[in-house]
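Participant: The structure's right below; bear with me while I get my questions together.
What follows draws every value from the coordinates through simple rules; no lab data is involved. This is a predicted model, so every value here is computed, not measured. Every residue, glycine as well, gets a Cβ built from its backbone with ideal geometry; the counts of neighbours run over all protein chains shown.
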Amino acid sequence: MNREGSYLGNLLLPLVVFGIAGLFFFLSFDFPDQGEEVGAGSVPQLWMLCTAVLCVVLIINALLKRGSADPIPGNIWFVFGFAAWMALYLFAIEFCGYFLSTFFFLVGSMYMMGYRRPIVSAIVAGAWLIFSYAVFVKFLYIPLPVGPLGALIVGGA
């Protein structure tokens, strides 16, 4: 048990996640009620309650200084750069579709994080896309965005 160093990060992260979980929990009460005991908001509410309980455990551990202290700070500009990369990805989904933009996002993210084996990165990204397609499109019947460029490539437009 390490009691030296700062535990501020160990405290702030679960506090922020707890707040977001609380917000989502209360927003889920606006989901449509279909006259059933288990409605559209039941699963999100269960997830947010579990998240809140786990956050409380992490907050208590941080206050009691249990576990590892915060790591030495790194390059904050990398965090901002990756956040911009994620924003570009979300923007690209609208125009290129989920599959094309996710492939390039995953390969690019792996490269940004130091992984330099492009063939393996492409295989991992492709496997993720196959998994996403199988789960969302085929199993859950949830269409993923194709976007105008994706529709042009696939021939659906």
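Participant: Hey, can you rank 102-108, 40-46 by average C-beta count inside 10 Å, highest first?
Facilitator: Taking the mean over residues of other Cβ atoms within 10 Å, the ranking is 102-108, 40-46.
Participant: Additional query: Mind jotting down the distance between the C-alpha centroids of the range 1-61 and the range 99-157, whole Å?
Facilitator: Measuring centre to centre over Cα atoms gives 29 Å.
Participant: Enter the per residue convex hull volume of the chain, computed from alpha-carbon coordinates, in Å³ rounded to the nearest integer.
Facilitator: Hull volume normalised by residue count: 179 Å³.
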